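Chemist: If you scroll down you'll find the structure; I have some questions about it.
The values are calculated or read from the model by the stated rules, or taken from the named source; none is laboratory data. Please read these numbers as outputs of a predicted model, since none were measured by experiment. Glycine gets a Cβ as well: all are built from the backbone with ideal geometry, and neighbour counts include every protein chain shown. Accessible surface areas use protein heavy atoms only, side chains included; no ligands, DNA or RNA. Shrake-Rupley method; radii C 1.70, N 1.55, O 1.52, S 1.80 Å.
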Amino acid sequence: MTLHFFYSLLTVVSLATACAFLSVPVVLRRWAFIGEGISHAGFGGAGVVWLLAIIFPGIDHPHAVYSGVVIGCLLTAIGIAILSRRERINADAAIGIFLVTTLALGFIARSVYVESLHHEPAWFDSLLFGQMKNLSGDYALAACMISAAVTITAILLTKETIAYCFDPITAQASGARASLVHYVLMVLLALTIIIGVRVAGSVLMTALLVVPGVIGTILSRKWNVVMAITVASSILGAIGGLLINVQWRVVPVGPAIVLVLVGQFLLAYFTTCLLSRRMRAMSP
Amino acid sequence: MNTLVDISNLDFSYPSQRTLTLRHIDLRIEQGRVLGLIGPNGSGKTTLIKLLLGLLEPSNGSIRIDNHSPRDAVKRGNIIGYLPQNPPLPVNFPINVKQLVRLGLTGKTGLFRSASKGDLAFADSLLPRIGIEGLAETPVGDLSGGQLQRVLIARALAPRPKLLLLDEPTTGLDSSGQKMFIESLQQLRQELGLTVVFVSHDLRAVSAMSDRIACLNATLHYHDTPDHLPAELVYEMFSCDLEAMGIKGAVNECTCDEQHDSGTGASPVHSRLEPPAHGRGAHATEGG
């Protein structure tokens, strides 16, 4: 096992674990669109850095661009959280507004950058489609730490998260700190997406946040079992995707992970359909 | 008797509206009483509930619940229990009935803590009391509307609240479901010494279990026992007379519109119902 493979493995397993713990709330709150919104905000954040790099060439560096991604994702997550918490705009509309605004900003910035400096800006392709090349040990360690923080927070807030997902208004009315859970979930999503855009790209990040939770909820109706299935399927998808990439270099890691997850979903879906049909046939 | 809820000189308007949704509301509810809050659609019933829950802030006036502001009362987790008007339909939500009832303890328990054994035992003891002990392990997605309503009542009661707010609790229940619901609620109320605010535009359900009725239509028009509810006020508010709504003995299944069209002859006279000349709402105290 090479050092690069070890770093890649550590990063994708960390990402898969963090995604799994957020996936069930994302599915139950119908926030499937949220990964798109926040990850594309990273594209807008990078766009701001690309524009600044035209004026200040000193910041034209991948680290500066990644800082733009981090800030863009966090600010957008908080913006979506505030807008969707108020009843005047629903979550989907709030996410849609941020998504198109940040995408437009990113594409304009890229176009101005190419026109001015005659080459593609740093991280452009990686941000859209993910990139595992040149993954450093520091990045893998950061991914591991962020994943641990997301996982521990999600576990500590389990009962509040269940109450919030079932009915946010009643949770708030019973003193269950629903507002806190709402904002914490958004920040955890942003942190997870910050790791994820490097691996899967902003285009496919949603799949990692949605598919494992869907698999868990169609296979069981017990919270702990759903969480266990979700974590297992997410990690299986991540390792499977990485191994496919090792075997066939032409297949990028992000899309490979998504395909393995979708394969698991289809298997789970048709298995439950078959089982429920048999149960119906057996019942008098 | 102690006053549990004290609403004083309350005005409220939504930011997008120029007119007051609620104006000059003065209302006191004594401990252990059941107040039926009635009024037509858009009269401000649910807004008043949201104010009691601290989800909205009054434009003027004050609300005290057990000597706390609504927000403080909600934060404590064991003063107010709440049943929402449109509870979610939990299809595929991965918890069972017992877990859903225990969710009612979340606010009382607080962050990063587990519920005490006593609280868990009390929450579990609510299942047989409301007749759903056999459903403890049933996924919540498998419940009928009436069963879910009972489970949500149990969730609201799990933290042993002093005040139970029920927002249109009988909506969607058939007549036998309503009867069962009211009977079990009456029993629980007596056992637990609850104070209940029962919001509905179903006068039959309200009058069946309330000690007092408050008629709300932006301001408070009436506050007294159900027996003294003036027919004229009901006619004015609901375009329907008391007999048509099954109160005062007569049971008639016709709808309000039918009754109105047939010309019951009730005139919208409301001399004792008007707010006083200076424009203030009735200052109502639970004691009468």
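Chemist: Do me a favour and compute the ellipsoid semi-axes for segment A:3-202 from its Cα gyration tensor, root of five times each eigenvalue, largest one first, whole Å. Can you show the working numbers first?
Modeler: Details: eigenvalues 192, 90, 26 Å².
Equivalent ellipsoid of segment A:3-202: 31, 21, 11 Å, largest first.
Chemist: Now, a different point. Rounded to the nearest 100 Å², what is the buried accessible area between B and A, both sides summed, probe 1.4 Å? Before the final figure, lay out the partial values.
Modeler: Values: alone 13730 and 14160 Å², together 25450 Å².
What B and A bury together is about 2400 Å².
Chemist: So, in nm, how far is label residue B:224 from label residue B:14 when the simple model puts each one 7 Å beyond its Cα toward the Cβ?
Modeler: 3.3
Chemist: Have a look at segment B:81-95 and report residues whose accessible surface goes down by 20 Å² or more when the remaining protein chains are included, against the chain on its own, probe 1.4 Å, ligands and DNA/RNA excluded.
Modeler: Residues meeting the cut-off: B:82, B:88, B:92, B:93, B:94, B:95.
Chemist: Any lysines with Cα under 20 Å of the residue B:179 Cα? List them, leaving off those in the same chain fewer than 8 positions away.
Modeler: Cα-Cα hits under 20 Å: B:248.
Chemist: Now for a different question. Would you please name the chymotrypsin sites (Phe, Trp or Tyr not before Pro) within segment B:43-137 that are DSSP coil residues with at most 13 other C-beta atoms within 10 Å of their C-beta? Walk me through the numbers before you get to the answer.
Modeler: Numbers: sites: B:82, B:112, B:122; in loops: B:112.
Within segment B:43-137, the qualifying chymotrypsin sites (Phe, Trp or Tyr not before Pro) (loop, at most 13 other Cβ atoms within 10 Å) are B:112.
Chemist: Quick one: what do you get for the protein assembly as shown if you divide its Cα Rg by 2.2 N^0.38 Å? Mind showing how you got there, number by number?
Modeler: Numbers: Rg = 28.4 Å, N = 572, 2.2 N^0.38 = 24.6 Å.
Here the Cα radius of gyration is 1.16 times the empirical estimate.
Chemist: May I ask for the angle, rounded to the nearest 10°, between helix A:62-85 and the longest principal axis of chain A, with both axes built from Cα atoms and the value confined to 0 to 90°?
Modeler: 40
Chemist: Dipole of segment A:3-202, Cα-centred, from +1 at each Lys and Arg C-beta and -1 at each Asp and Glu C-beta, to the nearest 20 debye? The partial results should precede the final answer.
Modeler: Numbers: 10 positive and 10 negative charges, 96 e Å.
The calculation lands at about 460 debye.
Chemist: Quote the relative contact order of chain A in percent (integer), defining contacts as alpha-carbon pairs under 8 Å separated by 6+ residues.
Modeler: Relative contact order of chain A: 29 percent.
Chemist: Same structure, new question: From the residues A:142, A:106, A:75, which one has its Cα farthest along the dipole of the protein assembly as shown in the positive direction, the dipole being from +1 and -1 charges on Cβ of Lys/Arg and Asp/Glu about the Cα centre?
Modeler: Checked the options; the winner is A:142.
Chemist: Tell me, what ³J(HN,Hα) does each residue in segment A:6-18 have, in order and in whole Hz, if you take phi through Karplus 6.51 cos²θ - 1.76 cosθ + 1.60 with θ = phi - 60° and put x for Gly and Pro?
Modeler: Rounded to whole hertz, the list is 4, 4, 4, 4, 4, 5, 5, 5, 4, 4, 4, 5, 4.
Chemist: A further question on this structure: From the phi angles alone, apply the Karplus equation (6.51, -1.76, 1.60; θ = phi - 60°) to segment B:180-187 and give each ³J(HN,Hα) in whole Hz, x where the residue is Gly or Pro.
Modeler: 3J(HN,Hα) across segment B:180-187, in whole Hz: 5, 4, 5, 5, 5, 5, 4, 5.
Chemist: Okay, moving on. Of A:159/B:117; B:50/B:117; B:45/B:108; B:75/B:117; A:222/B:50; A:159/A:222, which pairs sit farther than 24 Å apart, going by alpha carbon to alpha carbon? Working shown, then result.
Modeler: Working: A:159/B:117 16 Å; B:50/B:117 31 Å; B:45/B:108 26 Å; B:75/B:117 21 Å; A:222/B:50 32 Å; A:159/A:222 14 Å.
With Cα atoms farther than 24 Å apart: B:50/B:117; B:45/B:108; A:222/B:50.
Chemist: At 222 nm, what value in deg cm²/dmol follows for the protein assembly as shown if DSSP H runs of at least 4 each add -39500 (n - 2.57) and the sum is divided by all its residues, to the nearest 500? Please report the intermediate quantities before stating the final value.
Modeler: Values: 22 runs with 327 residues, N = 572.
When only DSSP H runs of four or more count, the value is -18500 deg cm²/dmol.
Chemist: Quick check on segment B:133-197: what does the Kirkwood estimate of hydrodynamic radius come out to from the alpha carbon pairs, in Å? Kindly include the intermediate steps, with their values, before the conclusion.
Modeler: Values: mean 1/r = 0.0796 Å⁻¹.
Taking every pair of different Cα atoms in segment B:133-197, averaging 1/r and inverting gives 12.6 Å.
Chemist: Any idea how far apart residue B:171 and residue B:31 come out in nm if each label point goes 7 Å out from Cα toward Cβ?
Modeler: The modelled label-to-label distance comes out at 3.2 nm.
Chemist: Determine the per residue accessible area of the protein assembly as shown with all protein chains present and a 1.4 angstrom probe, expressed in square angstrom.
Modeler: Numbers: 25450 Å² over 572 residues.
Dividing the accessible area of the protein assembly as shown by its residue count gives 45 Å².
Chemist: Can you give the relative contact order of segment A:73-203 as a percent, counting alpha carbon pairs under 8 Å and 6+ residues apart?
Modeler: Numbers: 100 pairs, mean separation 49.0, N = 131.
Reported relative contact order: 37 percent.
Chemist: Label residue B:92 and residue A:59 with points 7 Å out from Cα along Cα→Cβ: what is the distance between them in nm?
Modeler: Roughly 4.4 nm, to one decimal.
Chemist: What FRET efficiency comes out for the pair residue A:3/residue A:262, r = Cβ-Cβ distance, R0 = 25 Å, nearest 0.05? Intermediate results must be reported in sequence, preceding the final value.
Modeler: On the way: r = 30 Å, r/R0 = 1.22.
My answer for the efficiency is 0.25.
Chemist: Moving on to the next point. Helix A:201-219 against the longest principal axis of chain A: what's the angle in degrees, Cα atoms only, rounded to the nearest 10?
Modeler: Taking Cα atoms only, the helix is inclined about 10 degrees.
Chemist: Quick one: angle between helix A:253-282 and the longest Cα principal axis of chain A, in degrees between 0 and 90, rounded to 10, please.
Modeler: Here the helix axis deviates by roughly 10 degrees.
Chemist: Quick check: at a probe of 1.4 Å, how many percent of the accessible area of chain A sits on carbon and sulfur atoms? Display every interim value, and only then the final one.
Modeler: On the way: 9140 of 12940 Å².
Accessible surface attributable to carbon and sulfur in chain A totals 71 percent.
Chemist: Scan around residue B:59 for amide H atoms under 5 Å from its own, H built in the peptide plane at 1.01 Å from N, and keep only partners 5 or more places away or cross-chain.
Modeler: When sequence neighbours closer than 5 places are left aside, the close amide H contacts are B:11, B:12, B:13.
Chemist: Still on this structure, I have one more. Would you work out the charge dipole size for the protein assembly as shown about its Cα centre, treating the Cβ of every Lys and Arg as +1 and the Cβ of every Asp and Glu as -1, and quote it to the nearest 20 debye? Don't skip to the end; give the middle numbers.
Modeler: Values: 43 positive and 41 negative charges, 346 e Å.
My answer is approximately 1660 debye.
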